[in-house]
Amino acid sequence: MNPFAPKKEELNDSAYWVMVEKIRDLVPGAAGRTAEFESLGIPTNVLCDGPAGLRINPMRKGDSNTYFCTAFPIATLLASSWDTALVRSVGEAMGNEVLEYGADVILGPGMNLQRNPLCGRNFEYYSEDPLITGKMAAAMVRGIQSQGVGTSIKHFAVNNQETNRNTVNTIVSERALRELYLEGFRIAVQEGQPWTVMSSYNKINGAYTSESHDLLTKILRNDWGFKGYVMTDWGGGKDPVAQMKAGNDLLMPGSGKQISEIIQAVKEGKLEEKVLDKNVENILNIVLKSPKFRGYANSNKPDLKAHAEVTRKAAAEGMVLLKNGNNALPFSNIKKVAIFGVGSFNLISGGTGSGDVNEAYTVSLVQGLENAGLSIEEKSMKEQLDHIQKAKAKQPKQLFFFMPPAVIPEFSVKPALASAAAQNADAALITISRISGEGADRKAEKGDFYLSDEEVNLIKIVSSAFHAAGKKVVVVLNIGGVIETASWRDIPDAVLLAWQPGQEAGNSIADVLLGKVNPSGKLACTFPMKYDDVPSAKNFPGIELPDTSTRKPGSPLEEAFLRAKPAEVVYEEDIFVGYRYFTTFNVPVAYEFGYGLSYTTFDVSNLVASSGQFAGKYEFSVDVKNTGNTPGREVVQVYLSAPAGKLVKPAEKLVAFAKTSLLQPGETQTLHFVLTPRDLASFDEATSTWIAEKGNYEVRAGVSSLDIRQKATFELAKNLTVEKNTKALVPEREIKVLRP
Ligand code: BGC
């Protein structure tokens with residue numbers, strides 16, 4: 001069970017415990033289930049976490065079988081592939097495990113925007129950009145649901161931090177909501193048709209999302225046409241009657257107290273039964289499609305071997321080569337490597353919390369390299385393993401299984417050991433790892449967003465020893481979210497951003513290091529020079545407000561980890577999130593949005609457009625040629641720069657992207673793009689409409705947000721009203737929004 005769900009003593013609630021008992025019989029480790037009405041032939045639906053794979057208990061009492069699930073790469077890695085077909089294939093494999101293990105709905109994908117690099121759950125989310133987020137989530141939803149099971153896109157909406165997530169009131173403009181925080185969800189709803197949506201814990205402009213009729217009915221159903229049901233996050237919101245009225249159909253995990261309050265409200269005439277009829281209808285329409293209703297006989301035996309291949313491939317496709325000095329990669333003529341860094345001996349496949357998966361194994365870096373035919377320098381390995389063993393023995397016990405494990409201090413390598421290793425090995429690998437997860441945000445401190453002094457020393461000492469021996473050093477970043485790289489990246493020869501790559505970690509990394517896979521990942525988030533450059537830095541995670549409740553302080557653990565104090569955060573950066581900010585305000589970054597190297601080179605040329613006028617749409621194509629010596633794939637990213645008019649515009653925004661197939665040296669592929677009125681439009685708060693303002697638009701086709709290779713201009717002769725939306729989610733007070 002999710003530890004964030006209400007506690008037994010808090011609830012003293014029989015309905016809740018009936019549910020818990022039933023889950024134990026059905027799919028142990030599931031997060032929850034819907035009510036069943038046997039006499040009416042209505043079965044229960046089992047809901048299990050996601051989103052990096054199905055989360056259930058791998059062992060069952062009195063049962064010698066195992067129920068391991070595949071840990072797929074984290075969402076941030078998948079987004080870096082810029083490959084929706086690949087993400088769909090991951091979804092198919094994941095959905096098959098949902099089906100075969102007897103669940104009906106997986107609680108994912110997660111798709112909040114990565115507003116700030118410190119959000120502890122960013123690994124569960126795709127990108128700082130809503131188009132990438134929406135396209136990736138839609139592909140994932142389609143893949144999972146192709147197996148006849150459901151998804152729950154979450155956390156709707158604006159759950160961009162973990163600090164005080166249950167109470168925080170987010171004050172944000174209608175425009176930033178529509179263009180950024182809601183836009184990915186809109187795309188996923190309209191292009192993916194998820195069976196369910198999970199509302200978030202936080203408030204938006206004064207109302208809990210699960211109690212917001214504006215969000216769940218006006219926007220989700222009326223503006224976007226959502227047809228499924230909405231469930232709360234576990235224990236989310238306060239007022240079940242308001243939740244029913246808002247269109248939050250299912251309360252999870254559900255309690256008898258909530259049921260009594262709803263019945264009471266009906267009796268007192270405060271809640272019309274027809275509201276409940278609609279809520280029930282929404283849920284039942286989905287139950288009718290579920291494996292349980294269809295009577296599907298699940299095997300409990302998904303093809304885990306085949307899925308391991310899917311995750312191995314996906315992980316390699318989403319890794320981003322940040323630096324490759326002197327063509328350090330791919331390894332050639334390298335037989336033996338020295339590996340350094342605690343992370344090298346403890347690769348992290350994914351984050352913690354409900355987004356963690358109970359996988360059977362994680363392939364270590366040693367195993368991955370050995371599987372690829374390399375050997376490992378033994379002395380340096382042995383000393384580090386001894387260090388890790390001793391450090392583990394001294395580690396404090398994990399307070400709470402949902403928390404990230406305590407960090408093992410980095411090994412302090414002696415120059416003599418590094419020099420000896422440099423004599424024995426052909427190259428060095430240093431892994432830097434980070435882990436975070438549900439319930440806590442990361443910190444802009446050494447050892448987290450910044451490297452620790454020990455990590456920097458390790459990179460320095462190993463690099464100087466190997467460089468003195470004429471050998472190369474590669475840093476592998478095994479992280480779930482953005483870290484600082486600018487201050488140390490000049491020291492090693494190459495930097496590979498491997499993210500948290502799922503259970504085949506070591507194999508996937510080796511595939512890229514050895515060139516079995518040519519890296520084609522591109523950042524879907526910006527790596528800033530320093531934390532303070534991030535536009536939301538001064539408003540993250542907001543401020544705590546005086547606590548007027550009579551709430552007794554909880555245990556030290558609750559206060560430290562699960563605390564929920566009244567709080568608010570104001571999104572003053574407004575629409576200038578991620579590259580929209582850095583490009584508009586000309587702030588230098590370490591690695592820009594869209595950036596990523598390859599083992600080959602590409603030319604993007606020959607932009608051919610249908611016309612210089614926008615006539616309902618704008619069509620164009622570009623040619624991509626592999627000009628190097630290695631087969632590879634390139635991503636063309638189309639940014640649009642809109643004319644200044646009534647509304648302020650970011651310097652550019654991503655409006656389309658496409659990835660080539662594997663191009664052989666010398667091979668060319670033509671990529672086609674169509675821009676629609678919606679791509680030109682901005683949200684006008686005064687009229688609640690999407691408007692495209694007349695003037696000249698610049699189309700920029702590039703291989704990153706800063707590396708633009710082809711440009712064209714078209715004219716929009718007249719202002720266009722593209723879409724009218726409902727007035728909704730108006731901020732309670734004026735926001736001092738950032739403007740150029
Ligand atoms: C998390 C959700 C999760 C749910 C059920 C909550 O604490 O925020 O993402 O799906 O628990 O486990």
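Overview of results
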| item | result |
| --- | --- |
| Single residue of Arg115, Arg88 found to be part of a loop (DSSP other than H, G, I, E, B) and either buried (at least 24 other Cβ atoms within 10 Å of the Cβ) or out of contact with any Ser or Thr (no Cβ under 6 Å at 6 or more places or on another chain) (or both) | Arg115 |
| Residue that is modelled with the lowest pLDDT, among those in segment 378-431 that are within 25 Å of Ala468 (Cβ to Cβ) and among the β-branched types (Val, Ile, Thr) | Val413 |
| Output for segment 570-589, where each listed residue is open to solvent by 10 Å² or more (accessible area, probe 1.4 Å) and not in a loop (DSSP other than H, G, I, E, B) | Val570, Arg580, Tyr581, Phe582, Thr583, Thr584, Val589 |
| Strands (runs of 3 or more DSSP E) within segment 416-517 that include 1 or more residues in the same structural domain as Val320 (by TED's automatic domain parsing) and open to solvent by 10 Å² or more (accessible area, probe 1.4 Å) | 427-433, 472-478 |
| Whichever residue in segment 29-53 is in contact (Cβ under 8 Å) with a residue 24 or more places away in the chain and more than 12 Å from the ligand (Cβ to nearest atom) and, among such residues, is most open to solvent (accessible area, probe 1.4 Å) | Ala35 |
| Selected residue (criterion: farthest from the ligand (Cβ to nearest atom)) from residues of segment 222-273 that are open to solvent by 40 Å² or more (accessible area, probe 1.4 Å) and either closer than 29 Å to Glu723 by Cβ or acidic (Asp, Glu) (or both) | Glu268 |
| Selected residue (criterion: nearest to the chain's Cα centre (by Cα)) from residues of segment 350-371 that are assigned to a loop (DSSP other than H, G, I, E, B) and more than 18 Å from Cys119 (Cα to Cα) | Val357 |
| Tally of residues being part of a helix (DSSP H, G or I) and of a type in the set (Lys, Arg) across segment 287-344 | 5 |
| Identity of the residue in segment 672-731, among the basic types (Lys, Arg) and in a loop (DSSP other than H, G, I, E, B), that ends up nearest to Tyr581 (Cα to Cα) | Lys694 |
| Enumeration of residues in segment 520-545 that are part of a loop (DSSP other than H, G, I, E, B), closer than 29 Å to Lys203 by Cα, touching a residue at least 24 places away in the same chain (Cβ under 8 Å) and open to solvent by 20 Å² or more (accessible area, probe 1.4 Å) | Pro535, Phe540, Pro541, Gly542 |
| Any hit, segment 123-132, residues being assigned to a strand (DSSP E or B) and either assigned by TED's automatic domain parsing to the domain that holds Arg312 or within 16 Å of the ligand (Cβ to nearest atom) (or both) | no |
| Residues of segment 148-196 satisfying the condition of being over 18 Å from Val730 (Cα atoms), within 16 Å of the ligand (Cβ to nearest atom) and assigned to a loop (DSSP other than H, G, I, E, B) | Val149, Asn160, Gln161, Glu162, Thr163, Asn164, Arg165, Asn166, Thr167, Pro194, Trp195 |
| Residue within segment 12-27 that is open to solvent by less than 40 Å² (accessible area, probe 1.4 Å), at pLDDT 90 or above, within 16 Å of the ligand (Cβ to nearest atom) and hydrophobic (A, V, I, L, M, F, W, C) present | yes |
| Unique match (being of a type in the set (Ser, Thr, Tyr), touching a Ser or Thr at 6+ places or on another chain (Cβ under 7 Å) and within 30 Å of Thr170 (Cβ to Cβ)) among Thr689, Thr670 | Thr689 |
| Residue tally, condition within 22 Å of the chain's Cα centre (by Cα) and part of a loop (DSSP other than H, G, I, E, B), over segment 227-244 | 4 |
| Matching residues, segment 591-646, being small (Gly, Ala, Ser), over 33 Å from the mean Cα position of the chain (by Cα) and assigned to a strand (DSSP E or B) | Ala609 |
| Any hit, segment 86-96, residues being within 16 Å of the ligand (Cβ to nearest atom) and closer than 24 Å to Pro43 by Cβ | yes |
| Candidates Pro404, Pro396, filtered to the one that is of a type outside the set (Gly, Ala, Ser) and under 30 Å from Leu47 (Cβ atoms) | Pro404 |
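The values are calculated or read from the model by the stated rules, or taken from the named source; none is laboratory data. Quantities reported herein were computed from a predicted structural model and do not represent experimental measurements. Heads up, the Cβs are rebuilt from the backbone with ideal geometry, glycines too, and the neighbour counts pull from every protein chain shown. For the accessible areas, the whole protein counts, side chains as well, though only heavy atoms, and no ligand, DNA or RNA atoms are used. Shrake-Rupley method; radii C 1.70, N 1.55, O 1.52, S 1.80 Å.
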